[in-house]
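To start, the structure under review is shown below, and the notes come after it.
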Amino acid sequence: MTTETTAKILIIDDEMHICRNCGKILSKHNYESDYTLDGQKALEMLSEKHYDLVITDIKMGAVGGVDVLKWIRENTKDTMVIVITGYASISSAVDIMKMGAFSYLPKPFTPDELRNVVTEALEEQKTRKQNKQLMHARKTTPTLSHQLIGESPQIKKVVEMIRKVAETNATVLLYGESGTGKELVARAIHANSNRQDKVFFGIDCGTLSGNLLESELFGYRKGAFTDAKNDKKGIFQLADTGTVFLDEISNTTPDIQGKLLRFLDTQEFMPLGDTTHHSVDIRLIFATNKDLRQMVDEGTFREDFYYRIYVYPIHLPPLRERKDDILPIAYHFLNQLNPDRGKAISGFDDEAANRLMSYHWPGNIRQLRNTVERAVILCESDKITIQDLPQLSDIEQLMEYVPETNAELVRVKKEIRQKAVSRVEKNFLLHALQKNNWNISQAARETGLKRPNFQNMMKKYGIKASGK
């Protein structure tokens with residue numbers, strides 16, 4: 001896949017200073033670039049060497065930027081094209097984008113504007129290549145329940161930590177936002193341990209009251225309470241020699257935390273209504289989406305228990321911080337869901353793939369799976385399209401998301417505010433520009449903004465007014 005250190009870029013412009021200045025800007029960011037002043041020569045260079053990106057002027061000699069763009073679309077497919085010109089107009093920009101150019105950059109442009117559009121073009125190229133590779137490889141993608149999907153540095157670190165701790169009996173604490181795959185990691189630890197052939201029990205501590213959770217974990221004797229008509233073995237006894245995963249440990253009472261602390265120290269527990277301690281050999285893995293250290297400071301979580309379970313903490317990063325893993329995970333879910341839904345969908349088209357990659361995923365992997373499942377149901381062709389991913393990048397999608405913690409609620413509210421303000425600001429700018437025939441000075445005066453401030457807002461949203 002294309003990276004900033006290996007991308008090869010061809011610059012085509014009949015003005016030498018434009019070619020040289022672009023080359024200098026790109027070299028500062030470790031891009032490899034060639035240039036030519038002639039469109040015909042550019043076609044020869046493109047025939048002899050692969051370029052990841054072409055930056056071309058429109059108005060040149062006999063062979064102009066439109067001719068170069070057509071040749072690239074017919075012969076290379078993967079090469080991205082950015083068109084630059086001093087003859088900018090909204091209509092010509094739309095026409096060129098329809099022909100397949102990635103973006104349109106009117107002269108004069110700043111180094112930052114060039115760098116940003118080049119970065120965006122190469123990121124989209126990377127997504128397209130990844131999507132293409134995954135589509136070809138989808139039939140051979142394994143779907144093991146404990147498999148961790150991804151090649152990002154963040155998930156590689158998690159996998160390495162799993163490898164180191166799996167064969168030990170150390171207590172593990174998994175922490176991270178809701179939906180990041182904590183149970184999947186717990187199962188991966190179990191599957192790679194010497195307990196892999198034994199039982200794995202997972203329980204959500206947030207769904208049971210203190211007394212009910214205690215009876216589920218430790219069991220009880222007949223007569224221990226009103227409804228205890230018979231002896232019942234608890235999960236700890238049933239899971240002997242196996243692994244028990246306790247999710248949302250932050251929701252347990254101090255009393256339960258004390259009994260778990262004693263078990264960690266002795267590997268013994270006492271069923272409700274019993275007078276004898278039972279000894280078992282189980283491994284405990286804990287998980288939380290809350291800040292336990294903060295809870296200790298607030299007096300809502302036992303400090304001694306905190307230090308006892310904080311032996312080997314593993315942080316699970318949110319999906320928005322491991323974007324390179326989004327498409328592989330989406331294809332993993334697609335492979336699982338196709339047979340369940342009686343579908344034979346081959347993958348995602350480029351627009352849908354880009355939408356998946358650009359979305360922020362507040363619900364993380366759980367939300368991604370639900371999105372893919374919905375898309376599979378909606379899809380009526382051999383590929384999932386943008387129509388099968390309704391409102392994925394809009395505020396409405398965020399408003400449909402249900403946070404599970406206060407931290408998530410605060411983050412989602414912040415994102416909704418930011419997106420709402422951005423939408424209003426962008427509409428404000430476009431309305432002012434269109435009303436004033438794209439005259440920046442006039443639009444700024446009419447809105448009561450200073451021209452530099454108005455231009456800075458335009459730059460923030462990538463709005464480029466037409467030149468005359």
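For the pair ASP204 and TYR310, a Förster radius of 22 Å applied to the C-beta separation gives a FRET efficiency near 0.60, rounded to the nearest 0.05. Here is the P(r) of segment 251-337: all C-alpha pair distances, binned every 10 Å from 0, give 13, 33, 24, 19, 10, 1 in whole percents. Gyration tensor analysis over the Cα atoms of segment 249-396 returns equivalent ellipsoid semi-axes of 44, 19, 12 Å (largest first, whole Å).
Be a star and scan segment 419-433 for residues whose amide nitrogen sits under 15 Å from the point 7 Å along the Cα-to-Cβ vector of ILE463. Those under the cut-off are 421-433.
Show me the ranking of peptides 258-266, 368-376, 327-335 by mean Cβ neighbours inside 10 Å, starting with the highest. Can you show the working numbers first?
Values: 258-266: 15.9, 368-376: 19.4, 327-335: 21.7.
Put in order of decreasing packing, that is 327-335, 368-376, 258-266.
Starting from the Cα gyration tensor of segment 8-126, take the square roots of the eigenvalues, sort them a ≥ b ≥ c, and report rounded, prolate or oblate (rounded when a/c is under 1.5, otherwise prolate if a/b is larger than b/c, else oblate). Rounded, since a/c falls under 1.5.
Helix 364-378 and the longest principal axis of the Cα set of the chain meet at an angle near 70°. Taking label positions 7 Å along the Cα-Cβ direction at both GLU298 and LEU264, the computed distance is 2.0 nm, reported to one decimal.
Please find the FRET efficiency linking GLU167 to LEU409, where r is the Cβ-Cβ separation and R0 is fixed at 56 Å, and quote it to the nearest 0.05.
0.90
The length gained on full extension between ALA344 and ASP38, counted as 0.36 nm times the residue separation minus their Cα-Cα distance, comes to 105.4 nm.
Work out how much length SER358 to SER279 would gain on full extension: take 0.36 nm times their residue separation and subtract the Cα-Cα distance, in nm to one decimal.
Result: 23.3 nm gained on full extension.
Projecting the Cα atoms of THR171, TYR331, THR110 onto the charge dipole of the chain (Cβ charges, centred on the Cα centre) puts THR110 farthest toward the positive pole. Within the same chain, lysines fewer than 8 places from LYS232 are excluded, and of the rest, those with a Cα less than 24 Å from its Cα are LYS198, LYS222, LYS259.
Please state the charge dipole magnitude for segment 417-468, taken about the Cα centre, from unit charges on C-beta atoms (+1 on K and R, -1 on D and E), reported in debye and rounded to the nearest 20.
Details: 12 positive and 2 negative charges, 33 e Å.
For this selection, approximately 160 debye.
When ranked by the protection proxy of mean other Cβ atoms within 10 Å per residue, highest first, what sequence do the peptides 200-213, 163-176 form?
Numbers: 200-213: 15.6, 163-176: 17.2.
The most tightly packed comes first, giving 163-176, 200-213.
Taking 18 Å as the straight-line reach from the Cα of LYS164, the lysines in range (excluding those fewer than 8 positions away in the same chain) are LYS156, LYS182. Look at the alpha carbon pairs under 8 Å that are at least 6 residues apart: their mean separation over the length of the chain gives a relative contact order of 13 percent.
Here segment 153-315 is described by how far its Cα atoms reach on the three principal axes: 54, 40, 26 Å, from widest to narrowest.
Report the extension gain between ARG115 and GLU351 in nm, rounded to one decimal, defined as 0.36 nm multiplied by the number of residues separating them, less their alpha carbon distance.
Values: separation 236, 0.36 × 236 = 84.96 nm, distance 2.27 nm.
Using 0.36 nm per residue and subtracting the Cα-Cα distance, I get 82.7 nm.
Averaged over residues, the count of other Cβ atoms within 10 Å places the peptides 426-437, 181-192 in the sequence 181-192, 426-437, highest first.
Suppose only helical runs count, i.e. DSSP H with n ≥ 4. What mean residue ellipticity at 222 nm does that imply for the chain under -39500 (n - 2.57) per run, divided by all residues and rounded to the nearest 500 deg cm²/dmol? Numbers along the way, then the final one.
Details: 19 runs with 228 residues, N = 468.
When only DSSP H runs of four or more count, the value is -15000 deg cm²/dmol.
Within the chain, the proportion of C-alpha pairs whose separation exceeds 27 Å stands at 66%.
Which FRET efficiency, nearest 0.05, do ARG366 and THR226 yield, Cβ-Cβ r, R0 45 Å?
With a Förster radius of 45 Å, E is 0.75.
Counting other beta carbons within 10 Å of each Cβ, put HIS277, HIS360 in order, fewest first.
HIS277, HIS360
Specify the angular offset, from 0 to 90 degrees and rounded to the nearest 10, of the alpha carbon long axis of helix 90-99 from the longest principal axis of the alpha carbons in the chain. Helix 90-99 and the main axis of the chain meet at about 70 degrees. Between the helical axis of 111-137 and the dominant principal axis of the chain, each derived from Cα atoms, what acute angle in degrees is found, rounded to the nearest 10? The answer is roughly 60 degrees.
Placing +1 on each Lys and Arg Cβ and -1 on each Asp and Glu Cβ, with no other charges, gives the chain a dipole about its Cα centre of roughly 800 debye.
Within straight-line reach of LYS459, meaning a Cα separation under 13 Å, sit the following aspartates and glutamates at least 8 residues removed in sequence or on another chain: ASP112, GLU113, GLU425.
Read-outs throughout are calculated quantities, based only on the coordinates presented, and are distinct from any laboratory measurement. Note that the structure is a prediction, hence the values are computed from the model and not measured. No Cβ is skipped: glycine too gets one built from the backbone with ideal geometry, and neighbour counts run over all protein chains shown.
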